[in-house]
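Working notes, beginning with the structure itself.
Read the figures in this text as sums done on the coordinates, not as results from a lab. These figures come from a predicted structure and were not determined experimentally. In this analysis, Cβ positions are derived from the backbone assuming ideal geometry, glycine residues included, and neighbour counts consider all displayed protein chains.
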């Protein structure tokens with residue numbers, strides 16, 4: 001029977017603890033954000049994708065959208081319109097890039113805006129001003145005519161929904177990795193004792 005080496009155990013234990021510490025530090029310093037699935041559709045309109053928001057809502061419950069991906073009628077979305085600005089062709093109406101969990105409207109009257117790879121822009125928003133409030137999409141095409149309704153522009157009713165995508169907490173991830181590292185150390189310890 002081979003003698004058990006405490007140096008062997010300490011080396012593997014230190015490796016496991018160091019790995020866990022590094023993983024926890026990386027998880028703790030990562031930018032906090034939430035991924036959402038979103039979609040809307042209406043007559044001749046289908047748009048869907050994901051957006052990333054800040055992790056915590058503002059005082060009114062709105063989550064600021066920080067990035068977007070997806071398609072509108074099969075055309076790739078290329079960018080998010082900055083909050084406080086208008087999509088081209090829809091001046092002076094500005095977007096705020098806020099989304100809400102619900103119940104109730106998930107967008108404000110500013111909504112969010114995005115550009116697509118064919119040079120068009122869209123701005124879904126919640127229209128409180130309608131006799132029966134609901135979601136609309138303002139769509140603009142070149143040439144953009146500031147402040148007036150351009151020839152290719154439209155404003156049509158849509159059905160909108162957005163849902164946060166469940167993700168594991170960083171602490172849970174760290175605990176799982178720590179448990180795996182500990183299992184490795186125990187397996188190596190048993191192997192060393194059995195030899």
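Do you know which residues across the range 56-93 are surrounded by 19 or more Cβ atoms within 10 Å (Cβ to Cβ) and either free of Cβ contacts under 8 Å to residues at least 40 places away in the same chain or over 14 Å from residue 125 (Cα atoms) (or both)?
63, 68, 72, 77, 80, 86, 88, 89
Could you grab me the full set of residues in the range 73-91 that are assigned to a loop (DSSP other than H, G, I, E, B) and over 18 Å from residue 34 (Cβ atoms)?
Those that are assigned to a loop (DSSP other than H, G, I, E, B) and over 18 Å from residue 34 (Cβ atoms): 73, 74, 81, 82, 84, 85, 86, 87, 88, 89, 90, 91.
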